[in-house]
Amino acid sequence: STNLELTGEINAEIIDIATSLKLKAKYDDGSSQILAKVEPTTITLNGNINDGEYKLDTEFGLLTAEFSDSTSRTIINVDTIGIGALAKITDTTYDLDTKLNLLLSEYNDSALTFSDIPLNIELKAISNADFNRYDIDTLSITSNDIFVGASGLAENLPDSSWNTDLIVGLDIPQIDNVLEMIPKSLVAGLKKYRISGAVNFNGTAKGTYKD
């Protein structure tokens, strides 16, 4: 038999928008179980409609996913250490400055493994009012000493193709840092392999692309 359960609670104040969330989803097919939940999170939005400038901040929030069967239980946490966003909105452009800091962790009680992986995302960009042209000042993703970044122009053309003029970069000081980002319960079988080395790439993505 399969059992699916979903509960939820959302408290919101319009205008200044202070939102408290408490959600839970559960799936049980008799042999395995998945439980996902969001602990209370406070979201605040401050802005002045006249000058089109808004600021978004969140307080502590925890997202949890739990997978279990007859032999083991794995818990993955996403801790929103901090989320900040500043938007300046005019009739023709959206100017975004966003930072997202997360902490990912996993616990598996069959192998007694535990890992904490920070994830930091930063975006500074300007979009036109139609959201089809993006001038990217900074796009960076950093985690476990691994860096992925890009800057430049991306434009969606009328024929659905993309025109890009981007500078992109990838830096992985140690290849085994990539394995550390995968939940240990999923890579247990790779312990017999040894991986070493580093990757550093800097280049451009320029031209028109269409699916």
Where labels lie 7 Å past Cα in the beta-carbon direction, separation of THR204 and SER161 in nm
1.8
In order through region 162-175: 3J(HN,Hα) via Karplus (6.51 cos²θ - 1.76 cosθ + 1.60), integer Hz, x for Gly, Pro
10, 9, 10, 9, 10, 9, 10, x, 9, 9, 10, x, 9, 4
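Readers should treat all values here as calculations from the given coordinates under stated rules, not as data from a laboratory. None of these values were measured; they are calculated from a predicted model. We place every Cβ from the backbone using ideal geometry, glycine too, and count neighbours over all the protein chains shown.
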